[in-house]
Amino acid sequence: MAKVYFKAVDSYSKTEEISSTARELLTKLVEEENVTLEKFIPLKVHFGEKGNNTFIQSKNYAGVIEYLKEKSIESAFIETNVLYRGERTTREKHINLAKEHGFTELPIIIADGEHGEAYSEVEINKKNFNKCKVGKEIADKKQLIIMSHFKGHALAGFGGAIKQLGMGCAARGGKLAQHANSIPKISYLKCKSCKACAKRCPESAITVDKKAKIDKDKCVGCASCMAICPYGAISNSWMASISKSFNERLSEYAYAAAKDKANIYITFAFNITKNCDCEGHSMKPIVNDVGVFASTDPVAIDKACLDVVDRDNGKTVFRRGRYTLDYAEKIGLGSQSYELVEVK
């Protein structure tokens, strides 16, 4: 049974406490589970889209960075380019935005090259994929610390360690493969022709005449329109099999990204918003801040995050996306059975 270490911190405003807590949990995990640390361990992070203000800022990672330095372990921030057009589409622009958002403590590696062309095909032979296109600089590493922000996601239901692995470590072509057949549907009755979706679409795939319409040849399935529609007129729920298929593809890519690696997972359950840090606009948290989690098992840590967030907020926060855990466990990514070690 996997162990998930957890310490409560009740506010994202407590930066020093969050930073020291992350370090404390990492130290405890390494010592109690006899984890061997490589000489170079990148931190897989999310720099936040331009305009987003609820991503986890790098100052919260200071304790982990200090711990690695004291162990004479070299590190870097590592990320991949996004699928859609924006400030994180190419390496140069991506690095510039990362620095603008304060990620200056370590060198920055964009793992899939300038335009997503640098990848390794990792063989997994699963239901949806035989091989997965993982960012080359990630595929080549023996160990990463996966720094995840626990929050919602328009398509996956919720985002945590599995999403940070699956979508976050995939090269651009791998992201496209995961989004295949995930084209949203617009309700003719609910659509108010406000054009919010068309303005937000990064691929200019939506036009608005009397009603909004999606060009299926241009749509890459990023689900930005689902998140932005103020009337709930855009969804993927008309066919549950598509949603489940996305969860499966996400899990398989997570399996590929973690394959043959001794990864450590640290998840920050703060600024828990309905949608993802890829949304380039201001969002408000939907529930209370919870704390920091650490584990060597991505499935266990995601399950623990869901359970503790529900427990502390007295309700089921994210109902969608839990099939991801079932499928990820089925293919051997990790286990939903875990022991929660609460650190006081």
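Of note:
- Percent accessible area from carbon and sulfur atoms, the chain, protein chains only, probe 1.4 Å: 47
- GNM result for the chain, Cα springs below 10 Å: residue of ILE41, ILE110, ILE73 fluctuating most strongly: ILE73
- Counting 0.36 nm for each residue step from LYS216 to ALA180 and taking away their Cα separation leaves a gain of 11.9 nm.
- Checking the cross-link pairs LYS69/LYS93; LYS210/LYS284; LYS141/LYS259 against a 21 Å limit on the alpha carbon distance flags LYS69/LYS93; LYS210/LYS284 as lying beyond it.
- Nearby aspartates and glutamates by direct alpha-carbon distance to LYS315 (threshold 20 angstrom, same-chain neighbours under 8 apart not counted): ASP10, ASP289, ASP302, ASP307
- Accessible area of SER75 in the full protein assembly, 1.4 Å probe (Å², nearest 10): 20
- The residues of the chain expose, per residue, 42 Å² of accessible area to a 1.4 Å probe.
- When log10 I(q)/I(0) by the Debye sum over Cα atoms at q = 0.07, 0.13, 0.15 Å⁻¹ is computed from the coordinates, the matching label among [x] -0.26, -0.95, -1.31; [y] -0.40, -1.02, -1.19; [z] -0.31, -1.08, -1.40 is [x].
- Within the same chain, aspartates and glutamates fewer than 8 places from LYS185 are excluded, and of the rest, those with a Cα less than 17 Å from its Cα are GLU203, ASP209, ASP215, ASP217.
- Global geometry of segment 10-89, whether rounded, prolate or oblate, following the gyration tensor of its Cα atoms and the 1.5 cut on a/c: oblate
- Structure-based [θ]222 nm, the chain - -39500 (n - 2.57) summed over DSSP H runs of at least 4, per residue, nearest 500: -9000 deg cm²/dmol
The values are calculated or read from the model by the stated rules, or taken from the named source; none is laboratory data. Quick caveat, the model's predicted, so the values are computed rather than measured. Ligands, DNA and RNA are stripped out before the accessible areas are found, and what is left, the full protein with its side chains, is counted by its heavy atoms. Shrake-Rupley method; radii C 1.70, N 1.55, O 1.52, S 1.80 Å.
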